Amino acid sequence: MSNLIVYKASAGSGKTFRLAAEYIKLVIHDPLSYKKILAVTFTNKATAEMKGRILDELKSIADGNKTPMFAIIAEETRINPDTIPARAKRALSNILHDYSRFSVSTIDSFVQRIIQALLWEIGQQGGADIRLDFNPVLERAADIMLDESVDNPALFEWLRKMGESQLEEGKSWDIRSGLIALGKELFSESFRLMTPDEVIRITDKEKVDALKAELNALILSLSNRIKAIGLDTIKVIGEHGYDESAFAYGGAGVFGFFKKCTSFDFGDQLPELTGVRVTKALNSPTGDDWVTAEHKKNTVKFAQISNLIGSKLHPALTNLFEIIGGNEFEYNSARLVLRNLDSLAILGDLWHTIRKLSTEEGFMLLADSGPLLREFVKETDAPFVYEKAGTRYENFMIDEFQDTSVIQWQNFKPLIENGLAQDGFSMVVGDVKQAIYRWRNGDWRILSSGLEDDFSSLGVTYKPLDVNRRSLPSIVEFNNLFFTSASKVLHGITEEKVADTVFSYDFSKEFSLAYDNVNQKVSRDNSGSGYAEIKFIPDIDKSFNEDLKNYLPELVSDIQKRGYKAGDIAILVRSNKEGQEFANMLIAYKQSHPEALGSFDVVSQEGLLLESSPALRFCVAAIRTIYQPNDSITKACLAAGLKTIRVDNKISWNDTFIGNYLDAEVEWLKGFRTRPVQEAFEAIISRYGLLNSKKELAYISELHEQILILSRKGPNDVGRFLEWWDDDGYKLSLSMPESENAITITTIHKSKGLQFPVVIIPRADWQFSPPGKNPLLWVDSDQKPFDALPKYPIKSGKDSKRSLFARPTIEDDMQNVIDNINLLYVAFTRAENEFYAFCPQKEVKDDKKETSISTASTMISKVLSGIEASNLKKKSDTDSYGNSVTTYCLGSSNVFEKRESKSKDENSTWILDYYPAGETKAIVKQRLESADFFEESPASHIASINYGKTMHTLFSRIKYSVDVDTALNSMQFEGLIDGFQKEEFKKRIENLLVQEPYSNWFSEEWEVKNEISVLSRNSSILRPDRVMIKNDEVVVIDYKFGSESNAYINQIQRYVNLIKQMGYTKAMGYLWYVDTDKLVKC
């Protein structure tokens, strides 16, 4: 039995290197073990990086290079170092010749492969179209349900109730939007973890109706009691001749509390019991804290009202406190459940509609694959299920484990358990501090504590990767100080949120593990100082955003003055919209300050969207015109696109839309109505000269590729293309290129895994919980009547913290805090040399003190104020703009000297300056030979061609002399030759192969490759008849069975030159005219 190895890999600690090292150790020990290793990551980019690292390191070791990887392999495997290169060479050769078994993939692609195989195994149709985005399907399902409600009174009634509930909450009557928002819960992990029986129960309309009636009765009963006491009390006060003027604070004191109870209606929020004035009154049965100072001065008056308070009012207040306090949790729980109860009832209808669409159209949602596999492996012999699907692994490696979801882990855990039980090797790599994908169901608690529980019997070995090889010392030290302080702030927030709750100990323990041991060591290879700076700028009447228009460009210019290039700078933002704002800001600054030093060009994900290309927008408009040639809006879009791409177009914008010059274009496009979309696309880009603009080629090639992929998955018509484009295509973008001349602008989420010499966060002030963005929480209770259904969706808020669902609410709050601290961690640790952040300093009134931590800037301020370190400098001064700024900094910003270890590959980018799509190639015509069909002997040219083909086929099956009989027998069996031809060919070939040099060439001294395809650098494919390899010597042979031609010599010379380009310097080529037994050396 083995232990599970867990690498806790902090930022920049070389986790990809460690993953590659563990993989290489396995294949060095056993060069065939790659078939038994499964390595999974979470993105295609990470998969490509891991594959590339493994193959590069294997190649380097096989070449005999004493790399750091070689040293680790030699030290940790204790294999004779002299044998390691040979082992690496064998392993590399095995992987490259059996590449499909090189199992490094995303977790989704692995699950898809298993699902498809299992579907075939149980007799279902495989090869379903995989839909990555469930939103378009959900929207269609909502539309279908709305259409069906016309003829379905019961469904119509439920939708009406849902609409009324939305109106009562102050939302729009738009039922469709409500359905879609609710439907997204079908794809949440909380819903997917329910059993089929639980799903049936929560969507049972009769049970939902019964529960609704019971909860309404609970609320009505408590509402009536509170209102009745309030009315009686106010009546008593009036009957004794008093009004609110007699009571301290008037309507804002205890009198106001009673008054509020008189207007308490069904379902209102309960009166607040924590007010200081009402609490004082409760603790003052004699009335000292009830009445005004004037009444207290008058002994007679005070005695009268004191008697009333003691006999009537105080008992009423006490009664209200008991009623409200004793029923608060149940009342709030009922209100929370009722808000979504009507919606819950129609979840089942929505779910069944989506399933019906999936079956009818033959697609599978990517979101369904994990839960489906979970159903396959649940309560069965999981390894057998995987093996039945053709998958047998013994060693497992999981990257970015902090982003693993519960369902993903439930699918993988049985495999790992089985592998460890059989003494296999399994490892996971992750970092709780970089868990920023909870919105995609990632659960960092599996890494922090779940593994320990799941593998308690097998054991878990933790190995920290705590040396930062990315950042300079000052960056590492700043982050150590910051996140050590952040862990203390997190602990304080936890204690505050769970104070006076029964689960305080559990929460404190669980969330304190998130930022345990945050300190990193500095790599000895990272020489230099580095610099980190956070600047707080006053934000008076939203002045912060205006001031950034100067601060940010000036910082960018200053950085470049010190030797950095624009491509060394990354600006991190929270959203693409914010990224576009800063891109426009930099461009505007350069236009208004042309003298500013440095480049202000930017490259951002927003600018790389396919729909940002004018050429592609025109292409889509043209294809839409094919589909809707008479639609006026479609034609207007076509006209606008045509005007945009034709810069020399002299037609005015007015004539563009109202003129008739589009008629000919529309008529031409209508001709592609029944043609494949690929043909239409190629014709459009050719007709309108879209390939003439080099800057558009990358966009055109990407869309062309997507059209080809789409055509392989189903119908290839323009209608299906437009449906795909409207649902998914418009969201696609080109990959982010590296550029020395442009500043990178990207989101924090997309920057994960990347690093940059200089990182700037211009607006470190995002909200932790944006208004209206709180997700639904799925909660449960074993208290009656809330145990009627297994789960309920509720909105977290103030009420939910004083309900039966307080624990999941507070837990979600804490998760949200950690999500945002993790965002800060990911952002702060991207920097290699320098890091800058700008925060707004909010204006605080003298009589108010800001205590809540609800934004990134308030968190940063709180954390920095808790750091006591002499090397972290705090400076407060007035800058050149007259702002009183506070700056925290560590290290020094010096003239930049490029670190060799971080240099980029100058040849890593391929500039696309030509794309041959849409070109007319030579027409291929079928030449029919039916004229000779009834002839007793075929025409001579036909016989010659057939003879040459037959001989080529025969020689392609002969590697060595001993293969002659086998080749001839197989050809006779296939009907390619008859018995007479077999004997003739055998006699002829055997006579040839006893002669030199043929007897040597067909001996087993050579490694032979017959008719192997070779890809040239210009992407053409060459296929020599026979290639023979012995040591560093290569012989290329082309067989000819007709007359001689000089053209053949050029052909064989191309083969030889290509072989030499592959590194074989001793390469020779020969033309063998077999019929005349003539050998020509080329």
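Read-outs throughout are calculated quantities, based only on the coordinates presented, and are distinct from any laboratory measurement. The shown structure was predicted, so the numbers you read here are calculated from the model rather than taken from an experiment. So basically every Cβ, Gly included, is an ideal-geometry build from the backbone, and we count neighbours across all protein chains shown.
Computed from Cα atoms, the angle from the helix 632-645 axis to the main principal axis of the chain rounds to 60 degrees.
Can you sort Thr858, Thr887 so the residue with the fewest Cβ neighbours within 10 Å comes first? Can you show the working numbers first?
Details: Thr858 18, Thr887 15.
Ascending number of Cβ neighbours within 10 Å: Thr887, Thr858.
Dipole size of the stretch 610-731 about its Cα centre, with +1 on Lys/Arg Cβ and -1 on Asp/Glu Cβ: approximately 160 debye, rounded to the nearest 20.
Starting from the Cα coordinates of the stretch 707-808, work out the convex hull volume and express it per residue in Å³. Please report the intermediate quantities before stating the final value.
On the way: hull volume 25.8 nm³, N = 102.
Per-residue hull volume (Cα only) is 253 Å³.
For the stretch 18-159, the fraction of alpha-carbon pairs lying more than 26 Å apart is 47 percent, rounded to a whole number. Note on Lys66: lysines with a C-alpha under 23 Å away, same-chain residues under 8 apart excluded, are Lys15, Lys25, Lys51, Lys89, Lys902, Lys904. Each residue of the stretch 444-459 was assigned a 3J(HN,Hα) from its phi angle through the Karplus expression (A = 6.51, B = -1.76, C = 1.60, θ = phi - 60°), giving 5, 5, 4, 6, 6, 9, x, 4, 4, 6, 5, 10, 4, 7, 8, x Hz with x at Gly and Pro. When the Cα positions of Ala435, Gln422, Phe455 are compared along the charge dipole of the stretch 419-462, Ala435 comes out farthest toward the positive end, with charges on each C-beta of Lys, Arg, Asp and Glu.
If I fit a long axis through the Cα atoms of helix 68-77 and take the longest principal axis of the Cα atoms of the chain, what angle between them do I get, 0 to 90°, rounded to 10? Taking the Cα atoms of the chain, the angle to 68-77 is about 80 degrees. Cβ crowding within 10 Å, taken as a proxy for footprinting-reagent exposure, orders Thr747, Thr966, Thr829 from fewest neighbours to most as Thr966, Thr747, Thr829. Computed over the alpha carbons of the stretch 249-321, Rg followed by Dmax gives 12.7, 43 Å. In straight-distance terms, cross-link reach from Lys542 covers every one of the lysines whose alpha-carbon lies under 20 Å from its own, apart from those fewer than eight places away in the same chain; here that gives Lys577, Lys842, Lys845, Lys848, Lys849. Ranked by how many other Cβ atoms sit within 10 Å of their own Cβ, fewest first, the residues Asp1038, Asp151 fall in the order Asp151, Asp1038. Using Cβ point charges alone (K and R +1, D and E -1), the dipole size of the chain about the Cα centre works out to roughly 1780 debye. For the chain, relative contact order (Cα pairs under 8 Å, six or more residues apart, normalised by length) works out to 13 percent. Just to confirm the number: angle between the C-alpha axis of helix 135-148 and the first principal axis of the chain, 0 to 90 degrees, nearest 10? Compared with the principal axis, the helix lies near 70 degrees.
When the charge dipole of the stretch 610-731 is built from unit charges on Cβ atoms (+1 for Lys and Arg, -1 for Asp and Glu) and taken about the Cα centre, the candidate among Ile626, Ser693, Gly729 whose Cα reaches farthest toward its positive end is Ser693. Between Val467, Leu317, Asn1031, the Cα set farthest toward the positive side of the dipole of the chain (charges on each charged residue's Cβ, about the Cα centre) is that of Val467. Basic side chains Lys and Arg get +1 at the Cβ, acidic Asp and Glu get -1 at the Cβ, and with that the dipole of the stretch 1006-1082 about its Cα centre reaches some 280 debye.
Need one number for the chain: average projected area of the convex hull over its C-alpha atoms, nm².
Working: hull surface 240.6 nm².
The orientation-averaged projected area of the Cα hull of the chain comes to 60.1 nm².
Using the alpha carbon gyration tensor of the stretch 767-824, what are the three equivalent-ellipsoid semi-axes (square root of 5 times each eigenvalue), largest first, in whole Å?
Semi-axes, largest first: 25, 11, 9 Å.
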